[in-house]
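In what follows, a structure is listed as structure tokens, so that the remarks can point back to it.
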Amino acid sequence: MTSASESGRPLIDAAIHHPTRLTVVAFLSACDEADFATVRGSCEVSDSVLSKIASALEEIGYLTVRKGYVGKRPRTWLSLTPAGRLALARHIAALQDIAATARTAGSRAQAGPAHGTDSPRGDDAIGRQGSVG
């Protein structure tokens, strides 16, 4: 539920970081509102799991739960709040930042040190005969 670190980089949102919660929030971000059964089926979770996620996200203001009837049958609809949409956008930005930083570091490591010692031990393990370990 935080927006940025002291360095200005976006932070992972612990409230939606878990893959199941992230799946639910991402699904709901694509629509104005969805009925409980549709979210449950699309996100491949049980009633109890979705209920717990919805309650937790509603408590922190990321999700709205609306109850009503279709005919005589009770229905529950879920929707993201503006705060929930913003949290998802910031969370995705943080994940993209992590991936970009890792790719940059990886490409630098791929180039290897200037003196041909690619091994973390300081020797060229690949150039030796026998095992590479």
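Mind checking the full-extension length gain between residue 98 and residue 32? Use 0.36 nm per residue of separation minus the Cα-Cα distance, one decimal, nm.
Values: separation 66, 0.36 × 66 = 23.76 nm, distance 2.92 nm.
Additional length available on full extension: 20.8 nm.
If you wrap a convex hull around the Cα atoms of the range 38-119, how much volume per residue is inside, in Å³? Working shown, then result.
Details: hull volume 11.7 nm³, N = 82.
Per-residue hull volume (Cα only) is 142 Å³.
Quick one: net charge of residue 13's neighbours, Cβ under 14 Å, K/R +1, D/E -1? Write down the numbers at each step before the final one.
Values: positive: 9, 21, 85, 90; negative: 97.
Local charge sum for residue 13: +3.
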### Task
Keeping every protein chain in place, order 49, 70, 25 by accessible area at 1.4 Å, biggest value first, i.e. largest first.
70, 49, 25
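Probe of 1.4 angstrom, ligands and nucleic acids ignored: what's the accessible area per residue over the range 23-78, in square angstrom?
Values: 3370 Å² over 56 residues.
In whole numbers, the range 23-78 has 60 Å² accessible per residue.
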### Task
Over the range 21-105, with every protein chain in place, what whole percent of the accessible area is carbon and sulfur at 1.4 Å, could you tell me?
55
#### Entry: Nonlocal amide H pairs with residue 75, under 5 Å, H built at 1.01 Å
68, 69, 70
### Query
What percent do you get for the relative contact order of the range 35-110 when only Cα pairs under 8 Å and 6+ apart count?
24
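The values are calculated or read from the model by the stated rules, or taken from the named source; none is laboratory data. Everything numeric in this text was worked out from a predicted model, so none of it was measured. Positions of Cβ are backbone-derived with ideal geometry, glycine not excepted, and every protein chain shown enters the neighbour counts. The area values use the complete protein model at the heavy-atom level, side chains included, leaving out ligands, DNA and RNA. Shrake-Rupley method; radii C 1.70, N 1.55, O 1.52, S 1.80 Å.
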